[in-house]
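For reference, the structure discussed in these notes is given below.
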Amino acid sequence: MTTGKWWQNVVMYQIYPRSFQDSNGDGVGDIPGIISRLDYLQQLGVGGIWLSPVYASPNDDNGYDISDYEAIMPEFGTMADMERLIAEAKARGIRIVMDLVVNHTSDEHRWFVEGRKAKDAPYHDFYVWRDPVEGQDVPNDLRSTFSGPAWTYDPTVGQYYLHLFSPKQPDLNWANPVVRHAVYDMMNFWIAKGIGGFRMDVIDLIGKEPDKMITGNGPKLHDYLQEMNRNTFGGKDLMTVGETWGATPENAKLFSDPARHELSMVFQFEHSGLDQQPGGEKWDLQPLAIPNLKRVLSKWQTTLGERGWNSLFWNNHDLPRIVSRWGNDQTYHDQSAKLFAILLHMMKGTPYIYQGEEIGMTNYPITDASEIDDIESLNLYNERVQAGYDPAGVIHSINVKGRDNARTPMQWDANDGAGFTTGKPWLHINPNHVQYNVASEVADADSVWATYQQLIALRKQNDLVVWGDYALLEDTADDVFAYYRTDQSHRWLVVANISAEPNAFTLMDQAERLIISNYADTALTGGERQLRPYEAFVVEVKA
């Protein structure tokens, strides 16, 4: 019998509103568009929506630069639309999880507008300011994630302000208790509207101590999160997931141990750095070694124990499409898209689907810098070309890792506009929407979409998927990722050949039932077999 919290039993679905569904033909997705697709999400079977920011914003960083936390961006709709979305989703058994961006605001937020007028102005100490130091261009060597120094000089007050991202995203001063309680008041505003919880953007940065060059996991971080818990979501039936790029299994337990009263879980990104060169940036590429992927994911499956809960994801709005990144989006598109679905959704934790992942949406390669929209990729291109890098090589890195890959509009059908908009889309639509789209996949019992729907149903129907133990099968070919899920009465074996080449695999167990596979003719025979390119299957074996 399934127990636990609601968020331990569901599959979450991330919506990037700008790219999901346009309802009024302006080329930008909106909240009424999301409402119009709730039946689709109910059919897929998800139990929650992580909604990327819909707050008022000048859109320097596509909504992650917020100018008013308690207002809706007019492009997306109205507060009445937002309230209707929460209610309509709830009627379908789906909870709305808001994106909480409180490491920084927009420089157009009222707090910063007022605070930059003078050193003694109201709200000045809501942000992190430092006086100039003689002989130095900036207070210290902290760098922005979006390239360049993390400090910008404001001549009005004669001080530098900190921004770990864009200069239009000044960092809030969490050391100020007035700031913290202003944030808690805002969170309670949304909790009162009936949301299901919060996804917390770069939350591990709020404890920063910039004078000590500490950004992530500062000494006060967990004090702040425990205080937030007490003042907002603590004791309520809400889900909280923190974006923590620097998380390890050890500190993930600090975030998500129920006894510590902090968060439900964190997003950890150790696996997402496996295809970058050690010591390099994410743009410095190296091939993925599957043994490293097995090691990292297995570590996260086994080390949290009862002192934490795992998030499971391949994609989000900041990451390239998994079928293009580690799969094969040409010859073995469907097989590799299904493989990554099966591999992830059979693990212990809460799975997250990023919009379009369920139909195998792919990266969209560009040929020229003029096609770049994302601020991070634009800054990277300009900085590296100026530093002497080959422009073609920089474009290649952006095609592999750039954030625009995840943000091309949702592919609903094969028509012009992909069913996303009747107008000019804000970002280029992938031409392969003619081949990969919701309309064709929902109608196809053997589609990538059908595999996702089946995996979600298996999680709902089998406590083993939610609560069973995990054990890696060690003795396999390098590119074969196989593991067991076991509970008191059942034992399932998950096998995935993450390669375009066949690989030998020996099924030592007595196979009793095929649960799911990505080839229609998967045999149950034991002993040695040749796994086909990107073959994946789950079998129940004798316990």
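The values are calculated or read from the model by the stated rules, or taken from the named source; none is laboratory data. Remember, predicted model here, so these are calculated numbers, not experimental data. Methodologically, a virtual Cβ is constructed for each residue, glycine included, from the backbone with ideal geometry; neighbour enumeration extends over all protein chains shown.
Could you tell me which of the residues THR367, THR362 is crowded, with 23+ Cβ neighbours inside 10 Å, touching a residue at least 24 places away in the same chain (Cβ under 8 Å) and assigned to a loop (DSSP other than H, G, I, E, B)?
THR362
Between a residue in the range 438-460 that is within 15 Å of TYR40 (Cβ to Cβ) and any residue that is acidic (Asp, Glu) and in a loop (DSSP other than H, G, I, E, B), which pairs come within a Cβ distance under 6 Å, given they are 6 or more apart or on different chains?
Within 6 Å, the pairs are ALA439/ASP413.
If you take the residues of the range 530-543 that are of a type outside the set (Gly, Ala, Ser) and closer than 22 Å to GLY327 by Cα, which of them is surrounded by the fewest Cβ atoms within 10 Å (Cβ to Cβ)?
Across the range 530-543, the extreme among qualifying residues is GLN530.
For TRP50, are the conditions met, namely being assigned to a helix (DSSP H, G or I), under 23 Å from the mean Cα position of the chain (by Cα) and modelled with pLDDT of 95 or more?
no
Every residue, every condition in (1) under 30 Å from GLY63 (Cα atoms); (2) touching a Leu at 6+ places or on another chain (Cβ under 7 Å); (3) outside any helix (DSSP H, G or I); (4) basic (Lys, Arg), yes or no:
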| site | (1), (2), (3), (4) |
| --- | --- |
| ALA247 | yes, no, yes, no |
| ASN292 | no, yes, no, no |
| VAL296 | no, yes, no, no |
| LEU343 | no, no, no, no |
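Based on this model, can you work out whether ASP120 counts as charged (D, E, K, R), modelled with pLDDT of 95 or more and surrounded by fewer than 17 Cβ atoms within 10 Å (Cβ to Cβ)?
Answer is yes for this residue.
Tell me, which residue of the range 120-171 that is among the acidic types (Asp, Glu) and in a loop (DSSP other than H, G, I, E, B) is farthest from ILE214 (Cα to Cα)?
Result: ASP120.
Hey, among the residues in the range 1-27 that are more than 21 Å from the chain's Cα centre (by Cα) and β-branched (Val, Ile, Thr), which one's farthest from ASN437 (Cα to Cα)?
Among those residues, the one meeting the criterion is THR3.
Of everything in the range 491-508, what is in contact with a Gly (Cβ under 9 Å, 6 or more places away or on another chain), surrounded by 17 or more Cβ atoms within 10 Å (Cβ to Cβ) and either modelled with pLDDT under 95 or over 16 Å from TYR332 (Cβ atoms) (or both)? Give them in sequence order.
The answer is ARG491, TRP492, LEU507.
Name the residue, out of TRP190, TRP174, that is of a type in the set (A, V, I, L, M, F, W, C), over 22 Å from TRP309 (Cα atoms), outside any helix (DSSP H, G or I) and at pLDDT 95 or above.
Just one listed residue meets the conditions, TRP174.
What single numbered condition from (1) outside any helix (DSSP H, G or I); (2) surrounded by fewer than 22 Cβ atoms within 10 Å (Cβ to Cβ); (3) hydroxyl-bearing (Ser, Thr, Tyr) fails to hold for TYR436?
Here TYR436 meets the rest and fails (2).
Would you mention how many residues in the range 167-179 are under 18 Å from ASP137 (Cα atoms) and small (Gly, Ala, Ser)?
0
Could you tell me which of the residues ASP211, ASP223, ASP204 is closer than 28 Å to TRP6 by Cα, out of contact with any helix residue (DSSP H, G or I) (no Cβ under 9 Å at 6 or more places or on another chain) and modelled with pLDDT of 95 or more?
ASP223
Filtering the range 103-115 down to residues that are of a type outside the set (S, T, N, Q) and closer than 27 Å to LEU427 by Cα, which residue is surrounded by the fewest Cβ atoms within 10 Å (Cβ to Cβ)?
Looking at residues that are of a type outside the set (S, T, N, Q) and closer than 27 Å to LEU427 by Cα, I get GLU108.
When you look at SER67, is it more than 15 Å from GLN355 (Cβ to Cβ) and crowded, with 18+ Cβ neighbours inside 10 Å, yes or no?
Yes; evaluated as a whole, the condition is true for this residue.
Which residues, taken from the range 341-356, are of a type outside the set (A, V, I, L, M) and free of Cβ contacts under 8 Å to residues at least 60 places away in the same chain?
The answer is GLY356, and nothing else.
Filter the range 379-390 down to residues that are within 30 Å of the chain's Cα centre (by Cα) and over 15 Å from PRO365 (Cβ atoms) and give me whichever is surrounded by the most Cβ atoms within 10 Å (Cβ to Cβ).
So, considering only residues that are within 30 Å of the chain's Cα centre (by Cα) and over 15 Å from PRO365 (Cβ atoms), the one surrounded by the most Cβ atoms within 10 Å (Cβ to Cβ) is LEU380.
Out of ASP446, ASP478, report the one residue that is outside any helix (DSSP H, G or I), surrounded by fewer than 22 Cβ atoms within 10 Å (Cβ to Cβ), charged (D, E, K, R) and touching a helix residue (DSSP H, G or I) at 6+ places or on another chain (Cβ under 7 Å).
Step by step, each of ASP446, ASP478 is checked, and only ASP478 is outside any helix (DSSP H, G or I), surrounded by fewer than 22 Cβ atoms within 10 Å (Cβ to Cβ), charged (D, E, K, R) and touching a helix residue (DSSP H, G or I) at 6+ places or on another chain (Cβ under 7 Å).
Return the residues of the range 513-528 that are under 36 Å from the mean Cα position of the chain (by Cα) and surrounded by 12 or more Cβ atoms within 10 Å (Cβ to Cβ); say none if nothing qualifies.
Correct list: LEU514, ILE515, ILE516, SER517, ASN518, TYR519, THR522, ALA523, LEU524.
Give the residue that is nearest to the chain's Cα centre (by Cα), with candidates limited to residues of the range 417-464 that are within 15 Å of PRO351 (Cβ to Cβ) and among the hydroxyl-bearing types (Ser, Thr, Tyr).
This residue is TYR452.
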